[in-house]
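What follows is a short report on a single structure.
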Amino acid sequence: MHILAVEDEPSMAGLLHSALSDEGHIVTLAVNGNDALSTALAGRFDLIVLDIMLPGMDGFEVARQLRKARIQTPLLILTARDTPRDIVRALDAGADDYLTKPFSLDVFLARVRAVSRRGDIPRSVSIEAGGLVLNTSTRRVTRAGRLIALTRREYSLLELLLRNKGRVLSRSAIVEAVWGYDADIEENTLDAFIRLLRNKIEAPGMPRLIRTVRGVGYALEEGE
Ligand code: CA
């Protein structure tokens, strides 16, 4: 594959370059946001690996500009920030996946393979799991074709869980992403919202979607 790697830190850039080259990829490096954007717009790449903290235009903005220019190249974001808000921000900006620094090279190469397998697909705004479909542009939610009315918070909670499908999210991570960083909510508020959401999306006879991970938090998983 022809991969554009965007990283301003020389040692990290060197590492990405050698790891990807060793796998047989052709690697073009960009060291700042503006350089990354012009290179990506001018060339044809199979994958873009994008750092967030860059001199000038940051990675979020590069991702947004690329998607705005209808460049649908798969995008793997590298970030030192791992708060749910930053992760949501990266995905909202158009990233296909993200990896938080520091990461192992094996995991990085596995993510590169996974993202590139998805190929140059049209950007879908629908997220699906177990017959549940959430459209992020219309904010319409259906399950098995039936429209589900959600409050704003219920919707945010569901979108967060769906975007992290298959991953366990801690209670504090969920509260921070849905209610905000300095939210002061009662201990059982999250459980109450999860219960409301379950009642709406897990109709009797349908596979369950939200799994309680005792002592940790919640995960959304496709029903069996
Ligand atoms: Ca950086």
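The numbers here are math on the coordinates, done by the rules we state, and not lab data. The shown structure was predicted, so the numbers you read here are calculated from the model rather than taken from an experiment. Every residue, glycine among them, receives a Cβ derived from its backbone with ideal geometry; neighbour counts consider all protein chains shown.
Results, tabulated for the structure shown:
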{"item": "FRET efficiency, GLU222 to ARG81 (Cβ-Cβ, R0 30 Å, nearest 0.05)", "result": "0.60"}
{"item": "Amide H within-cut-off set for ALA30, under 5 Å, with H built and near neighbours excluded", "result": "ALA5, VAL6, GLU7"}
{"item": "Kirkwood Rh, Cα atoms: Rg over Rh of the stretch 46-92", "result": "0.94"}
{"item": "Whole-Hz couplings from phi, Karplus 6.51/-1.76/1.60, listed for the stretch 44-53; x for Gly and Pro", "result": "10, 10, 8, 7, 10, 9, 10, 6, 8, 7"}
{"item": "The stretch 51-128: equivalent-ellipsoid semi-axes (sqrt of 5 x gyration tensor eigenvalues, Cα, Å)", "result": "18, 17, 12"}
{"item": "Debye-sum result for the stretch 2-116 in log10 I(q)/I(0), which assumes one identical scatterer on each alpha carbon, at q = 0.14, 0.23, 0.24 Å⁻¹", "result": "-0.48, -1.48, -1.63"}
{"item": "Rh by Kirkwood over Cα pairs, then Stokes-Einstein D for the stretch 126-220 at 1.002 mPa s and 20 °C, µm²/s", "result": "158 µm²/s"}
{"item": "Ranking of LEU37, LEU47, LEU147, LEU196 by count of other Cβ atoms within 10 Å, fewest first", "result": "LEU147, LEU196, LEU37, LEU47"}
{"item": "Sites SER18 and MET53, calculated FRET efficiency, Cβ-Cβ separation with R0 22 Å, nearest 0.05", "result": "0.55"}
{"item": "Relative contact order (percent, whole number), the chain, Cα cutoff 8 Å, 6+ residue spacing", "result": "14 percent"}
{"item": "Full-stretch length increase - ILE185, ARG140 - with 0.36 nm per residue and alpha-carbon distance subtracted", "result": "13.5 nm"}
{"item": "Amide hydrogen neighbours beyond the local backbone of TYR98, cut-off 5 Å, H modeled", "result": "ILE77"}
{"item": "Rh by Kirkwood over Cα pairs, then Stokes-Einstein D for the chain at 1.306 mPa s and 10 °C, µm²/s", "result": "84 µm²/s"}
{"item": "Full-extension gain in nm, ARG70 to LYS165, via 0.36 nm per residue minus C-alpha separation", "result": "31.6 nm"}
{"item": "Cut-off under 5 Å, modelled amide H: who pairs with THR73 long-range", "result": "none"}
{"item": "For ARG140, net neighbour charge (Lys/Arg +1, Asp/Glu -1) across residues whose Cβ lies under 13 Å away", "result": "+1"}
{"item": "The stretch 126-220, relative contact order [Cα under 8 Å, separation at least 6], %", "result": "29 percent"}
